[in-house]
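Colleague: First, the structure itself, so that you have it in front of you.
The values are calculated or read from the model by the stated rules, or taken from the named source; none is laboratory data. Keep in mind the model is a prediction, meaning the values are calculated, not measured. Ligands, DNA and RNA are stripped out before the accessible areas are found, and what is left, the full protein with its side chains, is counted by its heavy atoms. Shrake-Rupley method; radii C 1.70, N 1.55, O 1.52, S 1.80 Å.
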Amino acid sequence: LLKAVFLMGITLLPMEGLGANPATLEVWVQVVPQVTLDAALTVSATTVSVGQSFTAWMTTTNTGAGAGNNLTATVWKASGTSAAIVLSGPNPPLAPVLNPAGTQIFDWSLAGTTSGTLTLSGSVSTDSGVASNKPSVAITVQTPASLSAALKAYASAICTGQNFVVTLTVTNTGQATA
């Protein structure tokens, strides 16, 4: 795809034989190749515990014929019953140039703050284009494992050298496996 940029390059040239005022008009048109951005969002884990950090990556590819300047990326919670906070990122905060067929990866460190599900979405843009897609990924945030133990002996009195039975019961009341 090509995008036409009209410049204000106008020249008036006098035409012979038509008197003092008649003139021809020249207009220049500069054709600039278009930037076309495609973005994908992935995460290090689709199931995390409350407080556990995870990484999100936004991979952006310029499928257009022109270079994009000042590429930036953002992520946000699009929907869900859970929440997450951004611990750091995006890294890098800005990519100065994304050439045709070039790829740039941005990353964030996030952490789930409440249990439930959330959809993380993102977008990328340059000075001359915005990604046509808004990628997203679903994440489940669960309560961490919470273990308790109970010990029960089945003999009220024992003698030295005598065998007896002991049962240890471990219970997880959290959502995460232990």
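Colleague: Just for the Cα atoms in the range 84-178, what are the lengths along the principal axes, largest first, rounded to whole Å?
Modeller: 85, 24, 21
Colleague: Could you state the accessible area per residue of the range 118-178 in Å², with a 1.4 Å probe and every protein chain left in place?
Modeller: Numbers: 3970 Å² over 61 residues.
That works out to 65 Å² per residue.
Colleague: Same structure again: Share of the range 28-77's accessible area from carbon and sulfur, percent, 1.4 Å?
Modeller: About 52 percent, which is the carbon plus sulfur part of the accessible surface.
Colleague: With 16 Å as the cut-off, how large is the P(r) tail for the range 51-114, expressed as percent of Cα-Cα pairs?
Modeller: 52 percent
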